[in-house]
Amino acid sequence: MNTIRVILAGPRGRMGIEALRLIADTEHFELVAAVDRIHEGKYISEIEGLPKLQAPIYTDIEKCLKEVKADVLVDLTTPEIGRVHTKKALEYGVRPVVGTTGFSEEDLQELKQLSSEKGIGCIIAPNFAIGAILMMKFSQMAAKYFSDVEIIELHHDNKLDAPSGTGLKTAELISEVRETKKQGHPEEKEILIGARGATYDGIHLHSVRLPGLIAHQEVLFGGFGESLKIRHDSYNRASFMSGVKLSVETVMKIDVLVYGLENIIE
Ligand SMILES: NC(=O)C1=CN([C@@H]2O[C@H](COP(=O)(O)OP(=O)(O)OC[C@H]3O[C@@H](n4cnc5c(N)ncnc54)[C@H](OP(=O)(O)O)[C@@H]3O)[C@@H](O)[C@H]2O)C=CC1
Ligand SMILES: O=C(O)C1=N[C@H](C(=O)O)C[C@H](O)C1
């Protein structure tokens, strides 16, 4: 297999550190640079707690893309900077693999257009864990038979975006097949604003944030005298890494933007 040259944005983050380990442990991946908010001009190996990789750190994505020859940019940062990184990578012909969540519909449309104009592959994956992809697929299957559904996503309390990318993607997938309906009593009233959660196409989405959690989601379906619950739990961030690896390998073979690993894992 040819070596894939990777730039990683967000190397000191919870996901970034795990991604550095993945790159270090994968023979055909090479870390050629990292984009961080601080540590301009240093090497990853000089930063305490990070693997001993000899890759330079840049604080400016454009400078990095100009100076470093790379195939793929893996972005694990924040929506504000992640959208800039993704756009710049596409402009410089580097294929983005984006785990960062919180992009708007407009961001996705703009990036999709740029990717197709440039003919450069891009993967935006709200969740890299195989079990989470299956949870979303199974939920879409179930929604054909159960149109009453509520999503509860539970995350650690350092998460910036709500609902989670996974919760939103699940609602999108369900709404593709679900008969549109308003759930609950027609005269239902929220005594406390927000009690029924957010809604996407009439699907209620509830976000829980607690210390001790990592990433969890339940999709609850209700029918006549029965219910179905589909749950996924990530107990550590290593659970996302097989999906990151697959995405880095797959993005090299595509020339459009793919949103969601359910489109890759058949
Ligand atoms: N797709 C998936 O499967 C998963 C996606 N995620 C998503 O990945 C993203 C990162 O999550 P997580 O690792 O937990 O978050 P962290 O907050 O731990 O890491 C984010 C990192 O991005 C860095 N950062 C912020 N601004 C910039 C910038 N301007 N340039 C470069 N780096 C920057 C932060 O640096 P600093 O510390 O200095 O602020 C931090 O190191 C989130 O959007 C999250 O939702 C998370 C888990 C799984
Ligand atoms: O921030 C996180 O931690 C996670 N973010 C992603 C999301 O928003 O769905 C994926 C996973 O749930 C962990």
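The values are calculated or read from the model by the stated rules, or taken from the named source; none is laboratory data. Model, not experiment: these values are computed from the prediction. Note: ideal-geometry Cβ built from the backbone for every residue, glycine included; neighbour counts use all protein chains shown. Only protein heavy atoms, including side chains, enter the accessible area calculation; ligands, DNA and RNA are left aside. Shrake-Rupley method; radii C 1.70, N 1.55, O 1.52, S 1.80 Å.
Aspartates and glutamates within cross-link reach of LYS182: Cα-Cα under 18 Å, excluding same-chain residues under 8 positions apart?
Once the sequence-local aspartates and glutamates are set aside, what remains near LYS182 is ASP148, GLU150, GLU172, GLU190, ASP201.
For the chain, which whole percent of the accessible surface, found with a 1.4 angstrom probe, sits on carbon and sulfur atoms? If you can, show how the numbers build up before the last one.
Details: 6910 of 13320 Å².
Carbon plus sulfur share of accessible area: 52 percent.
Could you order peptides 133-145, 165-177 by the average number of other Cβ atoms within 10 Å of their residues, highest first? Don't skip to the end; give the middle numbers.
Values: 133-145: 18.2, 165-177: 21.3.
For the peptides 133-145, 165-177, the packing ranking is 165-177, 133-145.
Of LYS87/LYS253; LYS52/LYS169; LYS118/LYS144; LYS88/LYS253; LYS42/LYS66; LYS144/LYS245, which sit over 25 Å apart, Cα to Cα?
LYS52/LYS169; LYS118/LYS144; LYS144/LYS245
Can you tell which of LEU90, GLY194, ILE152 lies farthest toward the positive end of the dipole of the chain, using +1 and -1 charges on the Cβ of basic and acidic side chains (Lys, Arg; Asp, Glu)?
LEU90
Over the chain, with the other protein chains present, what is the accessible area per residue in square angstrom, probe 1.4 angstrom? Working shown, then result.
Working: 13320 Å² over 266 residues.
Using a 1.4 Å probe on heavy atoms only, each residue of the chain averages 50 Å².
Would you calculate, for the chain, the mean residue ellipticity at 222 nm contributed by helices, counting each DSSP H stretch of 4 or more residues as -39,500 (n - 2.57) and dividing by all residues, to the nearest 500?
Details: 7 runs with 84 residues, N = 266.
The helix-only estimate for the chain comes to -10000 deg cm²/dmol at 222 nm.
If you take the square roots of the eigenvalues of the alpha-carbon gyration tensor of the range 171-224 and sort them as a ≥ b ≥ c, do you get rounded (a/c under 1.5), prolate (a/b over b/c) or oblate? Intermediate values should be presented prior to the final figure.
Values: a/c = 2.12, a/b = 1.24, b/c = 1.71.
Oblate is the answer for the range 171-224, as a/c is 1.5 or above yet b/c matches or exceeds a/b.
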